[in-house]
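Report on the following structure.
The values are calculated or read from the model by the stated rules, or taken from the named source; none is laboratory data. Model, not experiment: these values are computed from the prediction. Glycine gets a Cβ as well: all are built from the backbone with ideal geometry, and neighbour counts include every protein chain shown. Note: accessible area is taken over every heavy atom of the protein model, side chains too, but ligands, DNA and RNA are not part of it. Shrake-Rupley method; radii C 1.70, N 1.55, O 1.52, S 1.80 Å.
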Amino acid sequence: MNVLVTGGAGYIGSHACQRLVRDGHTVVALDSLDRGHREPMALLGADDPESLLTFVEGTVGDRQLVSRLLAEHAIDTVMHFAALAYVGESVDDPMRYYRTNVEAGVALVDACVDAPAVTRFIFSSSCATYGDPPEGMVPVPESCPQVPTSPYGRTKLMLEDVLRDTARACAQSSRDLRVAMLRYFNVAGSDRSGTLGEDHTPETHLIPVAIHAAMGKRDHMSIFGTDYPTADGTCVRDYVHVEDLIDAHVRVAERLESAPTEPLAYNVGIGLGYSVREVLDAVKRVSGVEFEVREAPRRTGDAVALYAEPAKIQAELGWHAQVTDLDEIVASAWRWMSAHPAGYAGA
Ligand code: UDP
């Protein structure tokens, strides 16, 4: 495959580049470096002219640049990771989310439709598109109503709609463009060879924030909400290892070679829910550090309990999470983060 990986210098995108290059595919990573990092690109060989990986600094909303890259590199597959992905931030600054995730995403889809060699488009969607599932719908199947509770979730659902409409219009006009939407649950951990890690500024995701507390980079961590209707009062999430998530992308790309023209949608999660308190206990076990935990009010936009019903992706793509043990997921994140206290800047 010749793959355009948007957001290729980010946490998930860089893991995609690593796997695709390892599998012998040609990869163009496009990243604005707003939240991504140049270092993982260098670590994956992008500075070597012989490498299968090319890094380009730019935004997916730059229609001219994207069209040029699609043509020059004969791109046949687009994996679209570039996005802002913080629920809390999206509540505070929704316009930034609509511009980055929707407006730029639409420009990208438009450029792809006009590039005849592009036949596969794989979109990083989110379980946040489900919002708070109705009773009886957790674990969450793909058929769960999509009613997002945050601007972030709404931006992801909007681009899903754009892609569904685009795929149908393409099918009617015999333009061969096949679309898949992968609805990620909580992506966590890092590559087990130890090359790549998770380095966000700001960092707000539960596992890396707790690891920062264990590393002494912050003096405590807060649990956002302890009065939820769950077993221990804290929110429940499905933590899927980043390498398993990327494996789902590779499998869906293969499936799209022979897939019907109807867009495909899959949940990507391990099918198990862990509470915030269980995650914190795992970080304490793995790190061997007792850090201070404070109980804080609920965070606006958070759903109560979200974990996947992964039966569809298992049956249709043969995908099964290889890492389902919470301690193992946390350990892979801990290994890289504790070895790189300054993140990629100190790599
Ligand atoms: N969370 C928390 N304290 C933190 C960060 C997150 O209690 O410092 C909670 C958050 O409220 C949610 C869960 O951990 O219930 C997972 O949040 P995260 O931001 O990692 O992912 P999200 O589910 O929002 O995509």
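Among rounded, prolate and oblate, which fits segment 26-153 when a ≥ b ≥ c are the square roots of the eigenvalues of its C-alpha gyration tensor, a/c under 1.5 means rounded, and a/b larger than b/c means prolate? It comes out prolate by the Cα gyration axes.
Between VAL289 and ASP227, the FRET efficiency from the beta-carbon distance, with R0 = 25 Å, is close to 0.40. Relative protection proxy for 172-182, 25-35, 117-127, from highest mean packing down: 117-127, 25-35, 172-182 (other beta-carbon atoms within 10 angstrom). Distant-in-sequence amide contacts of GLY131, defined by a placed amide H-H separation under 5 Å and a gap of 5 or more residues or a different chain, comprise VAL147, THR149. Given a 1.4 angstrom probe, I'd like the percentage of the accessible area of segment 204-347 that is carbon and sulfur, rounded to a whole number. Carbon and sulfur together cover 48 percent of it. Taken about its Cα centre, the chain carries a charge dipole of about 260 debye when Lys and Arg each add +1 at the Cβ and Asp and Glu each add -1 at the Cβ. Think of segment 18-71 as having a plus end and a minus end, set by charges on the Cβ of Lys, Arg, Asp and Glu; of LEU33, GLY61, LEU44, GLY61 sits farthest toward the positive end of this dipole. Here's the picture: charge each Lys and Arg Cβ at +1 and each Asp and Glu Cβ at -1 in the chain, and of ILE270, SER14, HIS80 the one pushed furthest to the positive end of that dipole is HIS80. Taking amide H as placed 1.01 Å from N in the peptide plane, the amide H of VAL140 sits under 5 Å from that of TYR307, ALA308, GLU309, each at least 5 places away or on another chain. Counting only residues at least eight positions apart within a chain, or on another chain, the aspartates and glutamates with an alpha carbon under 14 Å from that of LYS284 are GLU292, ASP327, GLU328. Note on LYS156: lysines with a C-alpha under 23 Å away, same-chain residues under 8 apart excluded, are LYS312. Here segment 16-50 and segment 273-344 have alpha carbon centers that stand 25 Å from each other. Derived scalar couplings between HN and Hα for segment 328-341 equal 5, 5, 4, 4, 5, 5, 4, 4, 6, 5, 6, 7, 10, x Hz in order, rounded to whole Hz, by the Karplus curve 6.51 cos²θ - 1.76 cosθ + 1.60 (θ = phi - 60°), x for Gly and Pro. The simple spin-label model puts a point 7 Å past each Cα toward its Cβ; for ARG218 and ASP114 those points are separated by 4.3 nm. Each peptide in 242-252, 294-304 gets a packing score, the mean of other Cβ atoms within 10 Å over its residues, and the list from highest to lowest is 242-252, 294-304.
Based on protein heavy atoms only, the chain ends up with 40 Å² per residue of surface accessible to a 1.4 Å probe. Taking Cα atoms only, the orientation of helix 276-287 departs from the longest principal axis of the chain by about 80 degrees. Evaluating 6.51 cos²θ - 1.76 cosθ + 1.60 at θ = phi - 60° for every residue in segment 27-34, the Karplus couplings come out as 10, 10, 9, 10, 8, 7, 6, 5 Hz, glycine and proline recorded as x. Using the Cβ-Cβ distance between ASP165 and ASP47 with R0 set to 30 Å, the FRET efficiency from 1/(1 + (r/R0)^6) comes to roughly 0.15. With 0.36 nm allotted per residue and the present C-alpha distance subtracted, the SER143-ALA345 stretch has 68.5 nm of extension available. Residue-wise HN-Hα couplings along segment 189-196, as the Karplus relation 6.51 cos²θ - 1.76 cosθ + 1.60 with θ = phi - 60° gives them from phi, are x, 8, 4, 7, 7, x, 7, 10 Hz; Gly and Pro carry x. What residues of segment 171-194 lie in the reach of a label at ASP325, counting those whose backbone N is under 18 Å from a point 7 Å from the Cα along Cα→Cβ? Counting backbone N atoms under 18 Å from the label point, the list is 188-194. Surface listing: HIS80, HIS37, HIS320, HIS205 arranged by accessible area from highest to lowest gives HIS320, HIS205, HIS37, HIS80, probe 1.4 Å.
Under a 5 Å amide H cut-off, with hydrogens placed 1.01 Å from N, ARG178 pairs with ARG120, PHE121 among residues at least 5 apart or on other chains. Helix 206-215 axis versus longest C-alpha principal axis of the chain: approximately 50°, rounded to the nearest ten.
For the set LYS217, LYS312, LYS156, LYS284, solvent exposure ranked by accessible area (probe 1.4 Å, protein chains only) runs largest to smallest as LYS217, LYS312, LYS284, LYS156. Note on segment 1-136: with charges restricted to the Cβ of Lys and Arg (+1) and Asp and Glu (-1), its dipole about the Cα centre is near 200 debye.
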